[in-house]
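J.: Quick one: this structure, given as structure tokens, is what I'll be asking you about.
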Amino acid sequence: MRYVKLPAENFSTFFETLKQLGKIYGPVKHNSTYTFIQVDNVKELSLDYTRTILPPKKFFVKPRDELFKLKREKWEEVKDGESFVLFGVHSCDIHGLKILDKVYLRDPPDPYYKSRRENAFIVGISCMPDEYCFCKSLGTDFAMDGFDLFLHKLPDGWLVRVGSVKGHEVVWENQELFEEVTEEDLRHFKEFEEKRAKAFKRSLNKEGLADILDLAFNSQVWKKYAEKCLGCGNCTLVCPTCRCYEVCDNWIRAYEVVRERRYDSCFMPTHGLVAGGHNFRPTRLDRFRHRYYCKSYFDPSAGFNCVGCGRCDEFCPAKIEHVRVLEEVREELL
Amino acid sequence: MNPYQSYDAKIIEIRELTSREKLFTLRFTDREVEESFTFKPGQFVVVDLRGYGEFPISLCSPPTRKPIQLCIRRTGRLTRFIHKFSEGESIGIRGPYGNGFPLEKMEGANLILVAGGLGMAPLRSVLWYAIDTGKFEKIYLFYGTKSYEDILFRDEIIYLLKHGEKLNCHVKLAYEVETPSCIYLEKGFSEKVCKGVVTDLFRGEEFDVNNSYALICGPPVMYKFVIRELLDRGLSPGRIYMTLERRMKCGIGKCGHCVVGTSVSMKYICKDGPVFTYWDALSTRGLI
Ligand SMILES: Cc1cc2nc3c(=O)[nH]c(=O)nc-3n(C[C@H](O)[C@H](O)[C@H](O)COP(=O)(O)OP(=O)(O)OC[C@H]3O[C@@H](n4cnc5c(N)ncnc54)[C@H](O)[C@@H]3O)c2cc1C
Ligand code: SF4
Ligand code: SF4
Ligand code: FES
């Protein structure tokens, strides 16, 4: 890894130079929540944000996504090849994108997702956990790759980790904005990380979790929570690793059709419905449990499908807590 | 190449198999695609009715014969729509998808095909592939149907009831609803046709379980009973193959609709399947 320092006074110039790479999207405060939207001026950014409602997946797997247009009875691929910058992405969300990569880039790659991934310049940023975060237990609290530049807060600026050739080029071309990292900067970096590690209030015990959940298929805990759950699907929409989509053909005028995909949720009763009315997950219990299995699926090469971002907890209207459900299932079984 | 883009295919023939099922014979408009399109029995394609939507359908013709055929049951919005198409019209096809049956591995062994209702469609691909290549010891087909009127590929089934043994193919049929035609058929082939369900057809049949594979396709309820029958006879869970159905949108492991399993094993029916062994079902919850 290459490390450089971005002094505080150069921050806004640095932000301006990134505009050469395309539109910049960053975290902006909206009442009491945050969203990634286009930002023209550093002042609009909320760099000490906790989490956005929708994770950055919305730039790669869009809530509504046009795939094809039907013109003269032939499909034409809809292309959106614009480069853009995602500014201020937290480590957990970077890990979320890496989990999506495993699905969308494996053979055959999804061309829409792939081109957006290639067109994105990702600037990570260090953060402090709040009461919902449990990324530390999942090892997603620090990103070793998956970004171009990563900014770590220092008292007088930023320690920048350079994570890709594209990132390196930006630093190279704007050398005058950066300085060498000093011993003192490294000490501050370490102090911040230690303070952060101590700030986590919530943790997930993942020891043997995959096996325990599998054994607890008939646990009463699933039932208890499935009764509390409203089946609204919020938790899946806001999750940085949820990715189910539905496809539909929309007539936009007499001879023009758009084939579009949009977010679907395994909480919807239609998710497992097939022809003839047969449903493979007919009850709320089946659907509730399925989500926990999907998020806690342990892939030996990639870990869990949850990055501990805390969104599902913060935005669940029934106040169901992810870690709590898993811990209760564990307790009941053991 | 965009994997969601379908190829243009012309419907060259439509045959009414029953009141609900039609057989569509298709040829790709692009000659190169038509010539290079290969598949394995058990694989499926996604049919693209441009402007209306897409749905998955098993290839029901054998890879040894061209052009390709799809047997489509009219059950809902899109299948009702395609039943209104005429010969000469075009649709879109993308695929083939899924793993298919590992038939190379089964060469030299007996194949026990167990079909229930529409499950006959993918198994017909295996059936004729096995007959055409002659690479298998003996082919058994146990087919359970509602009534005489519901028998898919009725002419082929009757032909095989008559002449199957010459092709090393032993066909038996069970029907549930008694109609004059069924009774007539039963009279003609008293050893091979009976009233009952598909598991009744196993009665009196002997096969070498160490040199046989079972291939099952039918409605979800059927699997449990057929598998029990096969296990009771000593067939290993690794020799029982079945093809499964789920809601599917992409067919290539992206949309998440067909995912089954738990925290220790998750499978995509479209990509890891639709063909699985009974052992897979034992180790992946929710598969059957
Ligand atoms: C691997 C596979 C192979 C199949 N092979 C055959 C075959 O050979 N012959 C045959 O007649 N049918 C087959 N089917 C079932 C066929 O896909 C459905 O009958 C068809 O999708 C129904 O669509 P519809 O719009 O008419 O039904 P509707 O009930 O109106 O469906 C509404 C929506 O639900 C979805 N849907 C409903 N049922 C299914 C389903 N079973 N699978 C995926 N999506 C579904 C569709 O996306 C559709 O847009 C197969 C299904 C799978 C998964
Ligand atoms: S399951 Fe919840 S905590 Fe885990 S990644 Fe998804 S939204 Fe975040
Ligand atoms: S957000 Fe909460 S209430 Fe809504 S579906 Fe998820 S768990 Fe259920
Ligand atoms: S059909 Fe989309 S993941 Fe299987």
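J.: Which residue, of A:Val61, A:Val103, A:Val78, is surrounded by fewer than 16 Cβ atoms within 10 Å (Cβ to Cβ) and closer than 27 Å to B:Tyr97 by Cβ?
T.: A:Val78
Per-residue answers, yes or no, for (1) in a loop (DSSP other than H, G, I, E, B); (2) within 28 Å of A:Tyr245 (Cβ to Cβ); (3) modelled with pLDDT of 95 or more:
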{"site": "B:Lys10", "(1), (2), (3)": "no, no, yes"}
{"site": "B:Glu13", "(1), (2), (3)": "no, no, yes"}
{"site": "B:Pro41", "(1), (2), (3)": "yes, no, yes"}
{"site": "B:Thr64", "(1), (2), (3)": "yes, no, yes"}
{"site": "B:Leu70", "(1), (2), (3)": "no, yes, yes"}
{"site": "B:Lys84", "(1), (2), (3)": "yes, no, yes"}
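J.: Here are some conditions: (1) at pLDDT 95 or above; (2) within 24 Å of B:Asp280 (Cα to Cα); (3) among the hydrophobic types (A, V, I, L, M, F, W, C); (4) under 18 Å from the mean Cα position of the chain (by Cα). B:Ala130 meets all but one. Which one does it not meet?
T.: (2)
J.: Could you tell me which numbered condition B:Leu282 fails, if it satisfies all but one of (1) in contact (Cβ under 8 Å) with a residue 40 or more places away in the chain; (2) closer than 28 Å to A:Phe298 by Cβ; (3) crowded, with 19+ Cβ neighbours inside 10 Å; (4) within 14 Å of chain A (Cβ to nearest Cβ)?
T.: Evaluating B:Leu282 over (1) in contact (Cβ under 8 Å) with a residue 40 or more places away in the chain; (2) closer than 28 Å to A:Phe298 by Cβ; (3) crowded, with 19+ Cβ neighbours inside 10 Å; (4) within 14 Å of chain A (Cβ to nearest Cβ) leaves (3) as the failure.
J.: Need a quick list: strands (runs of 3 or more DSSP E) entirely within segment A:1-73 having at least 3 residues that are within 15 Å of A:Val85 (Cα to Cα).
T.: A:23-30, A:33-38
J.: Right, something else. Report the residue count in segment B:198-221 for those that are of a type in the set (A, V, I, L, M, F, W, C) and under 18 Å from the mean Cα position of the chain (by Cα).
T.: Final tally of qualifying residues: 6.
J.: Now a separate question. Report, by residue number, each residue of segment B:262-288 that is in a strand (DSSP E or B) and of a type in the set (Phe, Trp, Tyr).
T.: B:Tyr268, B:Phe276
J.: Checking A:Phe59 against (1) closer than 23 Å to A:Val307 by Cβ; (2) assigned by the TED database to the domain that holds A:Glu191; (3) of a type outside the set (D, E, K, R), only one condition comes out false. Which one?
T.: (2)
J.: Follow-up. Right, B:Arg203: of a type in the set (D, E, K, R) and under 30 Å from A:Asp107 (Cβ atoms) or not?
T.: No; evaluated as a whole, the condition is false for this residue.
J.: What are the residues in segment B:15-29 that are part of a strand (DSSP E or B) and hydroxyl-bearing (Ser, Thr, Tyr), if any?
T.: Across segment B:15-29, the qualifying residue is only B:Thr25.
J.: Just one of B:Met242, B:Met248, B:Met222 is crowded, with 22+ Cβ neighbours inside 10 Å and assigned to a loop (DSSP other than H, G, I, E, B); which is it?
T.: Unique residue meeting the criteria: B:Met248.
J.: Let me ask you something else. Quick one: which residue in B:Ser58, B:Ser6 is hydroxyl-bearing (Ser, Thr, Tyr), within 17 Å of the chain's Cα centre (by Cα) and within 14 Å of chain A (Cβ to nearest Cβ)?
T.: B:Ser58
J.: Continuing with the same structure: Can you find, within segment B:233-254, the residue that is farthest from B:Leu113 (Cα to Cα) among those that are at the interface with another protein chain (Cβ under 10 Å from one of its Cβ atoms) and away from ligand 1 (no atom under 12 Å from the Cβ)?
T.: Filtering segment B:233-254 for residues that are at the interface with another protein chain (Cβ under 10 Å from one of its Cβ atoms) and away from ligand 1 (no atom under 12 Å from the Cβ), the one farthest from B:Leu113 (Cα to Cα) comes out as B:Lys254.
J.: A further question on this structure: Could you list, in sequence order, the residues of segment B:255-270 that are more than 7 Å from every other protein chain (Cβ to nearest Cβ), within 17 Å of A:Ala302 (Cβ to Cβ) and within 6 Å of ligand 4 (Cβ to nearest atom)?
T.: Correct list: B:Tyr268 only.
J.: Here is a further query. Of the residues that make up segment A:196-204, is at least one within 14 Å of chain B (Cβ to nearest Cβ) and not small (Gly, Ala, Ser)?
T.: Yes, segment A:196-204 contains a residue that is within 14 Å of chain B (Cβ to nearest Cβ) and not small (Gly, Ala, Ser).
J.: Next question, about the same structure. Do any helices (runs of 4 or more DSSP H) lying entirely in segment A:243-334 carry at least 1 residues that are within 16 Å of ligand 4 (Cβ to nearest atom), facing chain B (nearest Cβ under 9 Å) and within 21 Å of B:Ile252 (Cβ to Cβ), and which ones are they? Before the answer, list the steps.
T.: Numbers: elements: A:284-295, A:311-314, A:322-333.
It comes to A:284-295.
J.: Okay, moving on. Just wondering, is there one or more residues in segment A:215-232 that are in the same structural domain as A:Asp299 (by the TED database), more than 13 Å from ligand 2 (Cβ to nearest atom), under 18 Å from A:Asp299 (Cα atoms) and part of a helix (DSSP H, G or I)?
T.: Yes, there is a match, as at least one residue in segment A:215-232 is in the same structural domain as A:Asp299 (by the TED database), more than 13 Å from ligand 2 (Cβ to nearest atom), under 18 Å from A:Asp299 (Cα atoms) and part of a helix (DSSP H, G or I).
J.: What is the number of the single condition among (1) modelled with pLDDT of 95 or more; (2) part of a loop (DSSP other than H, G, I, E, B) that B:Glu205 does not meet?
T.: Only one criterion in (1) modelled with pLDDT of 95 or more; (2) part of a loop (DSSP other than H, G, I, E, B) is unmet by B:Glu205, namely (1).
J.: Do the conditions hold for A:Lys5, that is, is it farther than 30 Å from A:Glu183 by Cα and among the basic types (Lys, Arg)?
T.: Here the answer is no, as A:Lys5 does not meet what is asked.
The values are calculated or read from the model by the stated rules, or taken from the named source; none is laboratory data. Bear in mind the structure is a predicted one, so any value in this text is a computation, not a measurement. Note: ideal-geometry Cβ built from the backbone for every residue, glycine included; neighbour counts use all protein chains shown.
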